[in-house]
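No value in this document is a laboratory result; all are computed from the given coordinates. The structure displayed is predicted, hence computed values, not measured ones. With ideal geometry, Cβ positions are generated from the backbone for all residues, glycine too; neighbour counts draw on all protein chains shown.
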Amino acid sequence: MENEPIIEVRQVNKSFGKNHVLRDFSMDVNQGENLVILGKSGSGKSVLIKCIIRLIDADSGSIKVLGNEINGLDQEPLDDLRSKIGFLFQSNALYDSMTVRQNLEFPLRIHWTKEERLKNGYSAVMEALTDVGLAHTIDMMPSELSGGMRKRIALARALILRPKVILYDEPTTGLDPVTGREISELMVSVQKKYNATSVIISHDMNCIRITSNRVIMLIEGRNYADDTFENLKKSNDPKIKEFFT
Amino acid sequence: MNPLSTYIKESPFLKEIGEIALFTKRFFKEIAKPKQEYAEFLNQCFWIGYKSLILVGVTGFIMGLVLTIQSRPTLVEFGAESMLPSMVSVSLIREIAPVITALICAGKIGSGIGAELGSMRVTEQIDAMEVSGTNPFKYLVVTRVMAATLMLPVLSSLANAISLYGGYLGANIRGNVSWNLYWFQVFNVLNYGDVLPSLIKTFFFGFAIGIIGCYKGYYSQKGTEGVGRSATTAVIVASLLVFIIDLIAVQITDLLGLT
Ligand SMILES: Nc1ncnc2c1ncn2[C@@H]1O[C@H](COP(=O)(O)OP(=O)(O)O)[C@@H](O)[C@H]1O
Ligand SMILES: [Mg+2]
């Protein structure tokens, strides 16, 4: 159990009509690491992490998360497993009809009892907001916040259930370099505090350098290369090189 | 393959009807599952009902007023001016008030739901709900469809009442009908066969508006133009359905001899 990977993806295929996005994709993610998945836009990175949390069903292959084979899992154990996974959406996906507080409380309504919510809800929200440095925004609406603040709130919401695994979909895309760097550093500190395992989709070299322990390159639907950032940077393979120039 | 079956397979129109049918089937499946979202349902009743009150009220008033003013000359020509309140009230209650209310709501509620769920779809809010363990179909679709189904009869009844009042004012612009006489004539001519079928069909109007708005929004295409298209097509399809339901309702009332 100790050495078993937290996420184990084996021979996964996914097509949309004639568009074969993932082709026999396999990878392992180990306890406590920050794994970056690097690939061109439209290469299937979002499809891959959405398969991991089963927002998209893979056509074939196996995906194990925290020891559970997720394909064929019933709704209840699936929800249970999802409560251990935090997901940061590329578009943040903040509920724009709700305040920041209601956004953060939303995941609690299923996974906590009413008594727990009344007793500990507020302190959990405050702790998550403090982690991302935005405790003062608790009663604001998402539309009143800047892009970087929204990203932080979305991260706080992903952390509220203290997940063991955090999946990030392009966390710094669309942010200015300074804010992007702040978010990257925040991700590292969050990972330390919660002792979580992270899968990070990114093509922002600064973000990858700051956060990654290991990088997997998703090219033509396959796990094309799997190495540290430094080693990949030195590679002579033209398909890898074009990302680092 | 013969041309007809190719047509049936390829036709986007028939495909859409099939998808709407499946969506409706899913609605009934999900509503039967335990744990209802009562708070969100009441919230939606407030949005759908309360927020449309003024619009529906004003339209109802104008409908009654205009219909009465327009009908007077014809009745005068036939020397049947005293029939004005009876004639106007039957037209209003049986047909005009419920259908116009439904069309207004198809515009306001249908597009509102289509745009709201559409933007939730494209900004991944629906996915976020699913990931956090809340069934988005139950939370978003079931509550909105139920609220629309229950609020349309309420709004339509309000439009009925206000349009009759508009009719009273309309009748007094040129003629002279006392308050008591007007309402005596109205209630004298209206019976259950007029009121009940028209009330019952408004439930179906509301259901259709809710289902179409939710269907269009829930399966919205990516991008901002996708959201816009969801809202627009929701209004078009819902309005069309209102007329189709009305046509069916008339046939059924007719067959049952409730005329
Ligand atoms: N729900 C979907 N239906 C059809 N095609 C999709 C869907 N989601 C993604 N795709 C296609 O899959 C490919 C990979 O998409 P995605 O994973 O979003 O790329 P990215 O690597 O930029 O995150 C794209 O060609 C996209 O058009
Ligand atoms: Mg993506």
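For A:Lys50, a cut-off of 18 angstrom between C-alpha atoms picks up these lysines, skipping any fewer than 8 places away in its own chain: A:Lys14, A:Lys40, A:Lys64, A:Lys84, A:Lys164, B:Lys222.
Taking trypsin sites (Lys or Arg not before Pro) across segment B:152-245, the ones in a DSSP loop with at most 15 further Cβ atoms lying within 10 angstrom of their Cβ are B:Lys222.
May I ask which residue of B:Val122, B:Val177, B:Gly166 lies farthest towards the positive end of the charge dipole of segment B:62-204, with charges of +1 (Lys, Arg) and -1 (Asp, Glu) on Cβ and the Cα centre as origin? Final value for the positive-end residue is B:Val177. Across segment A:138-245, the relative contact order, built from alpha-carbon pairs under 8 Å that are at least six residues apart, equals 20 percent.
Farthest toward the positive end of the dipole of the protein assembly as shown, out of A:Asn195, B:Leu258, A:Leu94, is the Cα of A:Leu94, where the dipole comes from beta carbon charges about the Cα centre. Roughly how many Å is it from the Cα centre of segment A:165-215 to that of segment B:135-206, as a whole number? For segment A:165-215 versus segment B:135-206, the Cα centre distance is 58 Å. Only helices enter this figure: runs of n ≥ 4 DSSP H residues, each worth -39500 (n - 2.57), summed and divided by the residues of the protein assembly as shown, yield -18500 deg cm²/dmol at 222 nm to the nearest 500. For A:Val215, the amide hydrogen comes within under 5 Å of the amide hydrogens of A:Val36, A:Asp227, A:Thr228, A:Phe229, counting only partners 5 or more places away or on other chains and with H modelled in the peptide plane. Between 0 and 90 degrees, the angle of helix A:114-131 with respect to the longest Cα principal axis of chain A falls at about 60 degrees. What does the C-alpha gyration tensor say about the overall shape of the protein assembly as shown? Classify as rounded when a/c is under 1.5, otherwise prolate if a/b is larger than b/c, or oblate. It comes out prolate by the Cα gyration axes. Summing Cβ point charges (Lys, Arg +1; Asp, Glu -1) relative to the Cα centre of the protein assembly as shown gives a dipole of roughly 160 debye.
Across segment B:52-255, C-alpha contacts under 8 Å between residues 6 or more apart give a mean separation that, scaled by the residue count, equals a relative contact order of 38 percent. What range in chain A is the longest one free of trypsin sites (Lys or Arg not before Pro) that are in a loop by DSSP and have at most 14 other Cβ atoms within 10 angstrom? Here the longest run is A:41-245. Each of A:Leu78, A:Ile63, A:Val21 was scored by the projection of its Cα onto the charge dipole of segment A:1-93, and the greatest displacement toward the positive side belongs to A:Val21; charges sit on the C-beta of Lys, Arg, Asp and Glu. With Cα atoms defining each centre, segment B:19-67 and segment B:215-259 are spaced 13 Å apart in the structure.
Let me check against my output: what whole-number percent is the relative contact order of chain A, with C-alpha pairs under 8 Å and at least 6 apart?
So the answer I get is 27 percent.
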